[in-house]
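Coordinate-derived values only; no laboratory data. Small disclaimer: the values here were computed from a predicted structure and weren't measured. Cβ placement follows ideal geometry from the backbone for every residue including glycine, while neighbour counts extend to all protein chains displayed.
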Amino acid sequence: MSEKRGHLYLFTGLLIGLLMGVLIAMMLPVHHVDTHPSLLDSADKDLYRSLIARAYLVEVDNGRARARLDLLEDVSAEDALVAQAQQLLAAGGSELESRALALLVAGLRQGVAQITPLPSKLVNPTSEPAEIKTPTDSPIEPTIPPTQEAVSTLAATITPHPTNTPQPTEGASYKLVDKSEVCEVDQPGSLIQVYVYNRADRPVAGVRIEISITDGGMETFYTGLYPEVSPGYADYQMTEGMSYNLRVGFGGQLIQNLSIPRCTAGDGSIFAGSIKLVFKKAD
Amino acid sequence: MRKSRLIGFLIAILLGAAGGMFLGWQYLPSQVSTTRLQDLRADYQADFVLMVAEVYTTDGNIDHAVKLLEKLNPENPLRAVQQGLLTGQQMGFEPWEMRFMADLETAIRGHLGQGDAP
């Protein structure tokens with residue numbers, strides 16, 4: 001009788017162990033080595049993403065930026081970039097970084113690069129790569145041969161496609177061409193909606209917008225973070241009772257005393273509206 | 001007899017746990033990752049170095065570049081660039097890419113005061 005029970009206790013032990021093992025595997029953080037960017041922790045993924053955006057401003061190569069972003073295996077690379085840019089702005093992070101993220105989103109959504117590559121600031125750039133010093137005392141070799149995927153990513157050649165328009169260059173000044181009140185009962189909040197266009201009436205992403213409160217305080221944000229509205233669109237949530245001044249681009253026209261407009265509904269009730277501002281690059 | 005059953009039971013648990021952990025890591029891995037940039041494969045690290053070098057060419061901020069490279073090699077950021085150069089050579093990086101990284105390596109040498117010796 002006891003011999004017959006023998007197999008059952010072994011099976012029970014195996015089952016208990018199996019459940020324990022699965023639980024441990026699910027709870028223990030994973031640490032990979034010699035691994036792929038998609039397995040990075042979230043902080044390093046953010047850093048990798050922002051570096052891709054900064055490098056994009058140098059190369060202006062949509063294909064290469066896309067290939068690099070694909071390595072992170074985000075559900076939507078554009079959404080991840082937008083979210084990161086917004087978080088960065090909310091946290092008062094680097095303006096240059098958030099601008100780079102916004103420009104990359106715009107570039108990817110529109111399919112063609114629309115910025116001018118940043119110039120090199122190196123004092124003495126070497127003209128010829130004839131002699132590249134590499135350490136020879138203890139050569140380091142990658143432990144795993146690179147995959148075809150990695151090769152295709154790294155071997156991408158630079159193919160900048162700079163165009164003349166639109167160019168969100170530093171110092172571009174924009175002029176207000178239209179200001180109107182937006183009165184929609186079901187609108188999500190009271191916004192300052194900014195649309196920025198170039199001289200050819202094409203929306204421009206990555207344009208710096210500076211907003212200040214009359215009694216102090218200033219915030220900066222960029223167009224291009226809501227490409228589903230327009231690549232040249234940005235908005236700012238106003239607070240009741242506050243008055244704002246706004247400037248688009250560097251040295252652009254200052255628009256003063258912006259505040260929540262009062263709108264009248266069909267039934268005569270009053271509700272808070274939004275402001276729509278349209279800017280165009282000055283001649 | 002009871003002792004042998006107990007031992008058998010424990011061995012079964014251990015075997016089950018090993019199998020369970022294998023299955024868990026294969027099919028239900030933890031969503032929490034502690035994988036850092038320094039754990040990236042050499043070719044991805046080389047591409048990271050290249051991006052840092054590209055950014056450095058535009059902003060000339062060597063402190064920022066070193067800070068980023070410390071993510072790959074906290075003790076020796078210069079070593080990270082040198083490894084990037086080696087990997088880049090092996091993988092056939094473009095000459096301009098190698099030049100960017102070589103310029104960064106030279107700048108870091110100067111910044112860290114390491115002269116010509118690696």
Around A:Val185 (Cβ within 15 Å, Cβ-to-Cβ, excluding A:Val185; K/R +1, D/E -1) the net charge comes to -3
Sketch the reach of a paramagnetic label on A:Leu8 as a point 7 Å from Cα along Cα-to-Cβ, and name the residues of the range B:8-39 whose backbone nitrogen lies under 20 Å away. B:8-13
Quick check: pseudo-label points 7 Å beyond the Cα along Cα→Cβ at B:Gln38 and A:Asp178, how many nm apart are they? 5.6
Going from the fewest other Cβ atoms within 10 Å to the most, one would list A:Ser190, A:Ser42 as A:Ser42, A:Ser190
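Only counting other Cβ atoms within 10 Å, I'd like A:Arg64, A:Arg202 sorted with the fewest neighbours first.
Numbers: A:Arg64 21, A:Arg202 16.
Listing A:Arg64, A:Arg202 from fewest to most nearby Cβ atoms yields A:Arg202, A:Arg64.
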The range B:31-118: GluC sites (Glu not before Pro) in DSSP loop, at most 14 other beta carbons within 10 Å: B:Glu75
Other residues with Cβ under 11 Å from the Cβ of A:Gly232 give, with Lys and Arg +1 and Asp and Glu -1, a net charge of +2
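Which helices, counted as full DSSP H runs in chain B, have an axial Cα extent of no less than 15 Å and a Kyte-Doolittle average of -0.5 or above?
Numbers: long enough: B:2-27 (37 Å, 0.92); B:42-59 (26 Å, 0.28); B:77-91 (21 Å, -0.15); B:95-112 (25 Å, -0.22).
Membrane-span-like by this criterion, though nothing is claimed about a membrane: B:2-27, B:42-59, B:77-91, B:95-112.
Between A:Leu19 and B:Ser4, what is the FRET efficiency for a Förster distance of 30 Å, r being their Cβ-Cβ separation, to the nearest 0.05? Each step should come with its number before you reach the end.
On the way: r = 24 Å, r/R0 = 0.80.
Once rounded, the FRET efficiency stands at 0.80.
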